[in-house]
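Down below is the structure, laid out as structure tokens.
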Amino acid sequence: MSILQNISNVYHSNPKEFRRFVKFALVGALGAIIDFTLLNVLRGYFGWPLLWANTTSVSVAIVSNFVWNRLWTFPESRNRKKRKQLPQFALVNIVGLVINNVIVVGLDAVFVPFMGEPYSYNVAKLIAIGIVLLWNFGANRLWTYRGL
């Protein structure tokens, strides 16, 4: 079965959840733009160590993602108190941050001899974002935004 057929099957079996995933991915794309931009400014322009630049850029993207997911992807979640929901979202994303840092720093060390900076950490970041997207959606859907 092709990827397009799989996507079509998921859409037809649960279109509301499919649309929610697309919104989550679009919010994540905005977060990725913020993440990549800040990473490259902090690392490339200011010379921050990769681990700190990545941690800061991911953290800023997490805040953006929380706001937009609460307002747009899961608007019904606004009925819940932020003081409960934000720590849940933060915990899921802290795990995602650890996964992201391990992938970015680890793959950068592998890629840098072949492609040099900034390509090495940007390719590593792209891979990390793809993997962490799956973790973040699944964990947030099952815990932070469950029952919505």
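The values are calculated or read from the model by the stated rules, or taken from the named source; none is laboratory data. What you see is a predicted model, and the numbers here were worked out from it, not measured in a lab. Backbone-built Cβ (ideal geometry, glycine too); neighbour counts: all protein chains shown.
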Among the residues of region 49-83, which ones are closer than 20 Å to ASP108 by Cα and buried (at least 18 other Cβ atoms within 10 Å of the Cβ)?
-> LEU50, ALA53, ASN54, THR55, SER57, VAL58
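Quick one: which of GLY138, GLY44 is in contact with a Pro (Cβ under 9 Å, 6 or more places away or on another chain) and either surrounded by fewer than 15 Cβ atoms within 10 Å (Cβ to Cβ) or acidic (Asp, Glu) (or both)?
Testing whether each residue is in contact with a Pro (Cβ under 9 Å, 6 or more places away or on another chain) and either surrounded by fewer than 15 Cβ atoms within 10 Å (Cβ to Cβ) or acidic (Asp, Glu) (or both) leaves just GLY44.
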Inspect all residues belonging to region 58-76 and state whether any of them is farther than 18 Å from GLY138 by Cα, in contact with a helix residue (DSSP H, G or I) (Cβ under 7 Å, 6 or more places away or on another chain) and basic (Lys, Arg).
-> no
Has region 17-32 got at least one residue that is surrounded by fewer than 13 Cβ atoms within 10 Å (Cβ to Cβ), at pLDDT below 85 and either within 21 Å of the chain's Cα centre (by Cα) or part of a helix (DSSP H, G or I) (or both)?
-> yes
Being among the β-branched types (Val, Ile, Thr) and farther than 18 Å from LEU38 by Cα is the filter; apply it to region 104-131 and report the residue that is nearest to the chain's Cα centre (by Cα).
-> ILE131
Could you please let me know if LEU133 is among the aliphatic types (A, V, I, L, M), surrounded by 13 or more Cβ atoms within 10 Å (Cβ to Cβ) and within 29 Å of GLU76 (Cβ to Cβ)?
-> yes
The number of residues in region 92-116 that are more than 30 Å from TYR145 (Cα to Cα) and exposed (fewer than 14 other Cβ atoms within 10 Å of the Cβ) is 7
